[in-house]
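Participant: Shown below is the structure under consideration.
The values are calculated or read from the model by the stated rules, or taken from the named source; none is laboratory data. Nothing here was measured: the structure is a model prediction, and the numbers come from that model. Using ideal geometry, Cβ is built from the backbone for each residue, glycine included, and neighbour counts are taken over all protein chains shown.
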Amino acid sequence: MKIKDNELVLIKKIKEYKNIIISKHVSPDWDTQGSAYGLREIILKNFENKSVYVVGEKLNLGLREEDESKLNKDIISSALLITVDVANFDRVDFEFKNEVKEVFKIDHHLEVDEFTKNKIVDVSAIACTQVITLWANQNNLKITKEAGTYLYYGLITDSGRFLFDKTNGSTFQAAKILVEAGVIITEIYSQLFLKELKLAKWHNKAFSIAKFYNKNQIAFIKVKTKYFKNLDLGEEEIKSALTVLSGIKEVKIWALAYKTIDSDKIKVSIRSREFDINSIAVNYNGGGHKLASGAKLDSWKEIKSLVNDLSSLIE
């Protein structure tokens, strides 16, 4: 099916179900969070008699969504599950994802796991929130200021403030729609990009422990628990230190690896302005986009191999 046809299928499915569950991906970012909250508000505003539940981990808090406590077996078994910003079914952050009646996928990643036939997947979009915004607008659904604000958070973060390579005319069209919905972008920018002193100190510390390889063309920050355990930082705040490497002319590929206190895996965020890092990330239990991908390692020793593989993209 074409994207346009699937857009109408989503409208039909929302009308068909009373109970709708929206799931984020594990280790949430602003795109999955904004997509989930924004879509919930759009459904509640435009469709009558709907019960909409957002599930998954709360961004930066390490807590579960309150809606999860409202669910029971009857609700789950009769529900439509909409996944947002999730490429792989195993990354859907919902314990009972196999017990729902039907699944619909909204995403913008390269499709490596076709876990449902009902989907809107636009790999040309910079963010899942872009996909949702344009879907709502094209189908004459009202986007409230509240919904628009959530969606703009995802749009501005996944596009790197409209600087990343996949930012296109449709991205700005989505931004226009959200601003016209009443979004106050200065408030969002202040919330996202004004740093508390503790975060500024963390960024300085992160840069001080960065290692540079391949004639400074690859930069890597290895974050061990001791560096942040006393700083009261959320996972997204830890990952935000990746930005200290993004504006360095000599650095072509940069990455940050970290292991949280309650995780048995080492998570890696990898970025580039020009090289297809996704081709490497998929070999390390990860993937994502050409210029922005993630990976998971079993031990710190694997970093050497990862750096070597990333270096092969440049050489």
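Participant: Condition check: on the phi > 0 side of the Ramachandran plot and over 23 Å from the mean Cα position of the chain (by Cα). Does Lys249 satisfy that?
Facilitator: Considered against the rule, which asks whether it is on the phi > 0 side of the Ramachandran plot and over 23 Å from the mean Cα position of the chain (by Cα), Lys249 comes out as no.
Let's see how each residue does on (1) surrounded by 19 or more Cβ atoms within 10 Å (Cβ to Cβ); (2) of a type in the set (Lys, Arg); (3) out of contact with any helix residue (DSSP H, G or I) (no Cβ under 6 Å at 6 or more places or on another chain):
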| residue | (1), (2), (3) |
| --- | --- |
| Gln173 | no, no, yes |
| Val183 | yes, no, no |
| Tyr189 | no, no, yes |
| Ser208 | no, no, yes |
| Asn230 | no, no, yes |
| Gly234 | no, no, yes |
| Ile238 | yes, no, yes |
| Val244 | yes, no, no |
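Participant: Another question about this same structure. Give the residues of segment 171-198 that are more than 23 Å from the chain's Cα centre (by Cα) and part of a helix (DSSP H, G or I), sorted by residue number.
Facilitator: Within segment 171-198, Glu180, Leu197, Lys198 meet the criteria.
Participant: Restricting to segment 246-278, give me the number of residues that are of a type in the set (S, T, N, Q), surrounded by fewer than 20 Cβ atoms within 10 Å (Cβ to Cβ) and closer than 18 Å to Gln217 by Cα.
Facilitator: So the count comes out to 1.
Participant: So how many residues does segment 98-120 have that are out of contact with any helix residue (DSSP H, G or I) (no Cβ under 7 Å at 6 or more places or on another chain), touching a residue at least 40 places away in the same chain (Cβ under 8 Å) and crowded, with 17+ Cβ neighbours inside 10 Å?
Facilitator: Total meeting the criteria: 1.
Participant: Inspect segment 79-94 for any residue being on the phi > 0 side of the Ramachandran plot and of a type outside the set (Ser, Thr, Tyr) and give the result as yes or no.
Facilitator: The answer is yes, given that some residue of segment 79-94 is on the phi > 0 side of the Ramachandran plot and of a type outside the set (Ser, Thr, Tyr).
Participant: Assess whether Lys145 counts as being among the basic types (Lys, Arg), over 20 Å from the mean Cα position of the chain (by Cα), over 30 Å from Phe89 (Cα atoms) and surrounded by fewer than 17 Cβ atoms within 10 Å (Cβ to Cβ).
Facilitator: Taking the combined requirement at face value, the residue satisfies it.
Participant: Now for a separate question. Can you find even one residue in segment 161-174 that is free of Cβ contacts under 8 Å to residues at least 12 places away in the same chain, in the same structural domain as Val123 (by the TED database), under 29 Å from Leu245 (Cβ atoms) and aliphatic (A, V, I, L, M)?
Facilitator: yes
Participant: Same structure again: In contact with a Ser or Thr (Cβ under 7 Å, 6 or more places away or on another chain) and among the polar types (S, T, N, Q): does that describe Asn283?
Facilitator: So Asn283 fails the test.
Participant: Taking the condition crowded, with 16+ Cβ neighbours inside 10 Å and in contact with a helix residue (DSSP H, G or I) (Cβ under 6 Å, 6 or more places away or on another chain), does Ile42 pass?
Facilitator: So Ile42 fits the description; yes.
Participant: Right, here's the next one. Taking into account only those residues within segment 1-40 that are more than 18 Å from Glu236 (Cβ to Cβ) and in a loop (DSSP other than H, G, I, E, B), which is modelled with the lowest pLDDT?
Facilitator: Looking at residues that are more than 18 Å from Glu236 (Cβ to Cβ) and in a loop (DSSP other than H, G, I, E, B), I get Met1.
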